[in-house]
Amino acid sequence: MADWSGYLNLILQGALVTAQLTVYGSILALAAAFLAGLGRLSQWRAIRWLSTIYIEFFRGTSIYVQLFWAYFVLPFMGISLSPMAAGIMALGLNVGAYAAEVVRGAILSVPRDQYEATTALNLTRFQRMRHVILPQALPLMLPTFGNNAIELLKATAVVSLISLTDMTFQAQIVRAQTGNTLIPFAMILILYFAMALIISASMRLLERRMTRGLDGVR
Amino acid sequence: MQWDWTFVAEIMPTLLQGLKLTLLITLLSAIVAAALGLVFAIARRSRNPLVARPVSFVIEFIRGTPLLVQLYFIFYVLPDVGILLPPLVAGVIGMGLHYATYTAEVYRAGIENVPKGQWEAARATNLTTRQTWVHVIVPQAVPPMIPALANYLIAMFKETPLLSAITVLELMNQAKSVANSSYRYIEPMTMVGVFFLGMSLVSVVMLRWLEHRFGRLGK
């Protein structure tokens, strides 16, 4: 029983990897979401098509298949990724495709008269997006972004299958070495749940901060 | 490494066998999720806080933790307390349970979507509780739920590869075993991707049709 602290340490190291994957994956997802979401609303048809293909491809196949493809097939094409890079890429691009639809929906839900007002004020397209549309659309995106981030956190468990030492992988190691199943798995379930709670709490905080000053508008 | 069509033809029967099992798993899990989701939704609406609170917590907990870990839990921990499940059953239970927490939300939204006036009208015309549900609420609540439920069916289909981690021989696992024995990853993995993409493109078209036919929740 004395080595339990060692096993605990192992799982906590895994938790760190899981947290890293979640944070980096979310950053990539956010960037991909805005690129593809705004791309679908672009005035150039080629960009609209490119964004649609990206979104439909990543939403159409599962994260697991994408991860395996990135890890096992890309090397044959000369692109060798470390498990961590493959994991971040697959997670970020996958969740980004879902979030892109959120970006698009939120931007489209900004009332038409706001667009007309910016035309009347002679704002450029960039100014319109930056100062009028996005500040109103962002608070609408946040709750769904929170859910997407939790989906991403949950999807990180899959990377254990490409031998990345995340929490789930470490729990398997503890199971293999100790033969005890309940403690490692119950423990990581609780840790995952705690992380999900942290994400949803910080999203609520961010939402409150973002909607400050918008009371009169909505 | 080059793409090899003869190899694709060679592995096709194995992959199709995996696809069949994948579809079976999706169907079975969908039935579990649909039924259990209804139980969750009703229990969460219960006026007794001793029922509603724990159920809410269980739903939140299941939604906040990865399906893969839940599958491991069912597959590795339950045998220790004497419940030994074959991989397929463990997978179906795990996936059904996970998605039941999502379908419960759909049921809840569908029921709340029925205007309050309908409840009041049912009471005014002196309908019993059973009559209210059967003749007034359910006929109005169910059609808008159908596209949302179909959406989760598609999501479940895409999650089935996770079951390969608990040794179920579905599409992904067949592809992996073929790939490992022949050291060719491009064809099996790409074919799996093509299968999934093809199936989900078809299902997107069907989903659009369902939305057109039954309308959408909350719109």
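The values are calculated or read from the model by the stated rules, or taken from the named source; none is laboratory data. Not measured: the values here are computed from a predicted model. Here the Cβ positions follow ideal geometry from the backbone for every residue, glycine too, while neighbour counts run over all protein chains shown. What goes into the accessible areas is simple: the full protein's heavy atoms, side chains included, and nothing from ligands, DNA or RNA. Shrake-Rupley method; radii C 1.70, N 1.55, O 1.52, S 1.80 Å.
Among A:F185, B:F40, A:F57, B:F61, the order of accessible area from largest down is A:F57, B:F61, B:F40, A:F185, computed with a 1.4 Å probe on protein heavy atoms. Add -39500 (n - 2.57) for each DSSP H run of 4 or more in chain A, then divide by its residues: what number comes out at 222 nm, to the nearest 500 deg cm²/dmol? My calculation for chain A gives -24500 deg cm²/dmol from helical runs alone. Relative to the longest principal axis of the Cα atoms of chain A, the long axis of helix A:4-39 makes an angle of roughly 20 degrees. Computed log10 I(q)/I(0) for the stretch A:19-164 at 0.21 Å⁻¹: -1.23, from the Debye equation with unit scatterers placed on every C-alpha and solvent omitted. Counting lysine pairs in chain B that sit 8 or more residues apart in sequence, or on different chains, and whose Cα atoms lie under 25 Å apart gives 4.
Per-residue Karplus couplings for the stretch A:41-54, computed as 6.51 cos²θ - 1.76 cosθ + 1.60 with θ equal to phi - 60°, are listed in order as 9, 5, 7, 8, 5, 4, 5, 4, 5, 4, 5, 5, 4, 4 Hz, Gly and Pro entered as x. What's the carbon and sulfur percent of the protein assembly as shown's accessible surface, probe 1.4 angstrom, rounded to a whole number? Carbon-and-sulfur percentage of accessible area, whole number: 66. For the segment A:73-84, counting C-beta atoms of other chains within 10 Å of every residue's C-beta and taking the mean gives 2. Computed over protein heavy atoms with a 1.4 angstrom probe, the accessible surface ordering of A:L21, A:L8, A:L35, largest first, is A:L35, A:L8, A:L21. How far is helix A:83-108 tilted off the main Cα axis of chain A, in degrees rounded to 10, range 0 to 90? Compared with the principal axis, the helix lies near 30 degrees. Think of it as helices only: each DSSP H run of n ≥ 4 in chain B is worth -39500 (n - 2.57), and spread over all residues that comes to -25500 deg cm²/dmol at 222 nm. Nearest 100 Å² is fine: what is the total accessible surface buried where chains B and A meet, probe 1.4 Å? By this definition, chains B and A bury close to 3100 Å². Rolling a 1.4 Å probe over the protein chains gives B:E112 an accessible area of about 110 Å². Centre-to-centre separation between the Cα atoms of the stretch A:136-215 and those of the stretch B:132-206: 23 Å.
Shielding by partners for peptide B:67-76, expressed as the average number of C-beta atoms from other protein chains within 10 Å of each residue's C-beta, is 6. Equivalent ellipsoid of chain B: semi-axes from √(5λ) of the C-alpha gyration tensor, largest first, are 40, 23, 12 Å. Of the whole protein surface, B:M206 contributes about 120 Å² of accessible area at a 1.4 Å probe radius.
Span-like helix criteria (full DSSP H runs; alpha carbon extent of at least 15 Å along the helix axis; mean Kyte-Doolittle hydropathy of at least 0.0) are satisfied in chain B by B:5-45, B:49-64, B:87-113, B:138-159, B:186-214.
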